[in-house]
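The values are calculated or read from the model by the stated rules, or taken from the named source; none is laboratory data. Computed from a predicted structure; not experimentally measured. Quick reminder, even Gly has a Cβ in these numbers, built from the backbone with ideal geometry, and neighbours come from all protein chains shown.
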Amino acid sequence: MIGILALQGNFHAHLQKLDELNISAKEIRYPNQLKDIDGLIIPGGESTTINDLMKRVGFHSEIKIFAEKKPILGTCAGLIMMSTFIENDNRVAPLGILDIEVTRNAYGSQADSFAGKININIDNQTPTIKAPFIRAPKIIKISKSVEVIGTYRNDIVAVKSGIHIGLTFHPELSDTTFFHNYIFNKQNEHIKENNAA
């Protein structure tokens, strides 16, 4: 079961994408629901609002514990929440799941949104996808523990650290199902490991 953090933002599009793939999914609104899932998507939206809503119900510490063993996919604001440091912004308390530094709204306002072709290279798979950037963040620094898996015009737009993935764009609003399949496969690996233990 994949969970989508459903506090704010475009979580409905992620649910629709998973439904297209016949992948079981549920909306997650409270920390105790994390025990019911084996993978989590943190969607795009307004990172300051998502952060505030997470604080109200105590999500920060619980998601950090969840991330120790189970995969998380963060898109746009979700990537910001997964980062370690946010440049020139102390309104958001990032989770530190990805050892990266980001800057919010780096490509401009909603009116500056665009779709770009992205070259992906992950686990010997090399798809080229076209996905929208909407008030997208930029990844401006990564540690050695973080692998670059996607670029757009020399900008890092997709990263992987262990079982976790962060994207500056919105795959749920594109034709690609690659990343939703990927998080599903990582979830299945986690279930198989638990069953074998």
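Observations
- Across the stretch 7-36, the qualifying residues are those that are of a type in the set (A, V, I, L, M) and touching a residue at least 40 places away in the same chain (Cβ under 8 Å), and the one among them that is nearest to residue 131 (Cα to Cα) is 13.
- Residue 79 being under 17 Å from residue 163 (Cβ atoms), part of a loop (DSSP other than H, G, I, E, B) and hydrophobic (A, V, I, L, M, F, W, C): no
- Positions within the stretch 65-83 being β-branched (Val, Ile, Thr) and either surrounded by 21 or more Cβ atoms within 10 Å (Cβ to Cβ) or in contact with a Lys or Arg (Cβ under 9 Å, 6 or more places away or on another chain) (or both), in sequence order: 72, 75, 80
The rows are residues; the columns are (1) hydroxyl-bearing (Ser, Thr, Tyr); (2) closer than 26 Å to residue 70 by Cβ; (3) touching a helix residue (DSSP H, G or I) at 6+ places or on another chain (Cβ under 7 Å).
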site: 91; (1), (2), (3): no, no, yes
site: 99; (1), (2), (3): no, yes, no
site: 128; (1), (2), (3): yes, no, no
site: 173; (1), (2), (3): no, yes, yes
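- Test for residue 53: is it of a type in the set (A, V, I, L, M) and within 16 Å of the chain's Cα centre (by Cα): no
- Residue that is touching a residue at least 12 places away in the same chain (Cβ under 8 Å), part of a strand (DSSP E or B) and farther than 22 Å from residue 87 by Cβ, where the choices are 117, 160, 141: 117
- If the condition is being assigned to a loop (DSSP other than H, G, I, E, B) and touching a residue at least 60 places away in the same chain (Cβ under 8 Å), then the stretch 65-76 contributes 69, 70, 71, 76.
- When we screen 101, 189, 193 for residues that are surrounded by fewer than 19 Cβ atoms within 10 Å (Cβ to Cβ), in a strand (DSSP E or B), acidic (Asp, Glu) and out of contact with any Cys (no Cβ under 7 Å at 6 or more places or on another chain), the only hit is 101.
- Failed item, numbered, when residue 55 is tested on (1) in a loop (DSSP other than H, G, I, E, B); (2) without any contact (Cβ under 8 Å) to a residue 40 or more places away in the chain; (3) of a type outside the set (Asp, Glu): (1)
- Residues satisfying the stated conditions in the stretch 3-47, i.e. more than 27 Å from residue 104 (Cα to Cα), outside any loop (DSSP other than H, G, I, E, B) and polar (S, T, N, Q): 32, 33
- Residues that are of a type in the set (Gly, Ala, Ser), under 18 Å from residue 96 (Cβ atoms) and surrounded by 14 or more Cβ atoms within 10 Å (Cβ to Cβ), drawn from the stretch 117-161: 161
- Taking first residues from the stretch 88-108 that are modelled with pLDDT of 85 or more and partners that are part of a loop (DSSP other than H, G, I, E, B) and among the hydrophobic types (A, V, I, L, M, F, W, C), the Cβ contacts under 6 Å between residues at least 6 apart in sequence or on separate chains come to 99/146; 100/146.
- Scanning the stretch 181-194 for residues that are modelled with pLDDT of 75 or more and polar (S, T, N, Q) yields 181, 185, 187, 188.
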